[in-house]
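Peer 1: The structure that follows is given in the form of structure tokens.
The values are calculated or read from the model by the stated rules, or taken from the named source; none is laboratory data. No experiment lies behind these values; they were computed from the predicted model shown. No Cβ is skipped: glycine too gets one built from the backbone with ideal geometry, and neighbour counts run over all protein chains shown. All accessible areas refer to the heavy atoms of the entire protein, side chains included, with ligands and DNA or RNA removed. Shrake-Rupley method; radii C 1.70, N 1.55, O 1.52, S 1.80 Å.
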Amino acid sequence: MKKQLIAGNWKMNGSLAANEALLKDLLAGLNAPVCQIAVCVPAVYLTQCQKQLAGSAIDVGAQDVSAHESGAFTGENSAAMLKDLGVRYAIVGHSERRQYHAETDAVVAVKAQRALAAGITPIVCVGETLQEREAGKTEEVVKRQLAAVIHLNGHCISEIVVAYEPVWAIGTGKTASPEQAQAVHALLRAQLQAATSHADRIQIVYGGSMNAANAAQLLAQPDIDGGLVGGASLKAPDFLTIIAAAQ
Ligand code: 13P
């Protein structure tokens, strides 16, 4: 059976001192975890975190990757550079990047492709806004977002992680109910099954106000294979509780 994945997304938070303290507390509190664990940290801290976590059960991830291979793209980090640092995962298509950096489905698909080509696992985020949910468009939106990645990447999609992150649940304290999340995860699973015979090994994780109190119920759903955790991943006791709730 595949393991669950609990990944923290630190977003634009942290400092050398705060990161060191947080990782120290996480490492001290890890109690023979059964799940996979990662922290997706700001690019400037990848080296620091990679060094501190070397040989531990916690992998390091980036929060984005360039859609370009190399060259004159000021400020960007290529997949090869991330690989060079020992990065295992890269979040692509987070709703904050789609919203604030105008990332389209097509760009997200290319980013996933760059990550895969470099041997980095892309954590592909999909999710509807509140307006789209209320208009009954959840299925259409998440399927369109995932379809772009499937079409460009073909059989390689068996190597991705999918994160369902309803935009209305991110940073709002409003979590999707376990039933709401499970329903969308089942749709995504079916879409992956139609595209690859290895769909069952693809982790589909949930993100959006997952916390120490609601994680166990969400993680108990049959098609929820882990969590992409924002705010709660910045507090070691909360993140450790979520890790302990995973299977
Ligand atoms: P919160 O857990 O803070 O709602 O953030 C979720 C998220 O966006 C993870 O990528």
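Peer 1: Leaving out ligands and nucleic acids, note down the accessible area per residue over the chain with a 1.4 angstrom probe, in whole Å². Please list the in-between numbers first.
Peer 2: Values: 10950 Å² over 247 residues.
I get 44 Å² per residue for this part.
Peer 1: Taking the Cα centre of each part, how many Å lie between the stretch 28-53 and the stretch 190-225?
Peer 2: 21
Peer 1: Can you spot the lysines whose alpha carbon is less than 26 Å from residue 83's alpha carbon? Ignore those fewer than 8 places along the same chain.
Peer 2: Once the sequence-local lysines are set aside, what remains near residue 83 is 2, 3, 11, 24, 51, 111.
Peer 1: Of the GluC sites (Glu not before Pro) in the stretch 1-100, which ones lie in a loop per DSSP and count no more than 14 other C-beta atoms within 10 Å? Could you put the intermediate results ahead of the total?
Peer 2: On the way: sites: 20, 69, 76, 96; in loops: 69, 76.
Sparse-neighbourhood loop GluC sites (Glu not before Pro): 69.
Peer 1: Would any residue of the stretch 203-247 have its amide N under 18 Å from a label point 7 Å out along Cα→Cβ of residue 139? List them or say none.
Peer 2: 223
Peer 1: To continue, here is another question. Can you give the relative contact order of the chain as a percent, counting alpha carbon pairs under 8 Å and 6+ residues apart? Don't skip to the answer; put the middle values down first.
Peer 2: Values: 480 pairs, mean separation 53.8, N = 247.
For the chain, the relative contact order is 22 percent.
Peer 1: Okay, moving on. Among 240, 224, 210, whose Cα lies farthest out toward the positive end of the dipole of the stretch 175-247, if unit charges sit on the beta carbon of Lys, Arg (+1) and Asp, Glu (-1)?
Peer 2: The listed residue farthest towards the positive side: 240.
Peer 1: Now for a separate question. How many percent of the accessible area of the stretch 93-166 is carbon or sulfur, using a 1.4 Å probe? Intermediate results must be reported in sequence, preceding the final value.
Peer 2: On the way: 1660 of 3200 Å².
Carbon plus sulfur share of accessible area: 52 percent.
Peer 1: Where does the charge balance sit around residue 115 when Lys and Arg score +1, Asp and Glu -1, over other residues with C-beta under 15 Å from its C-beta?
Peer 2: Net charge around residue 115: -2.
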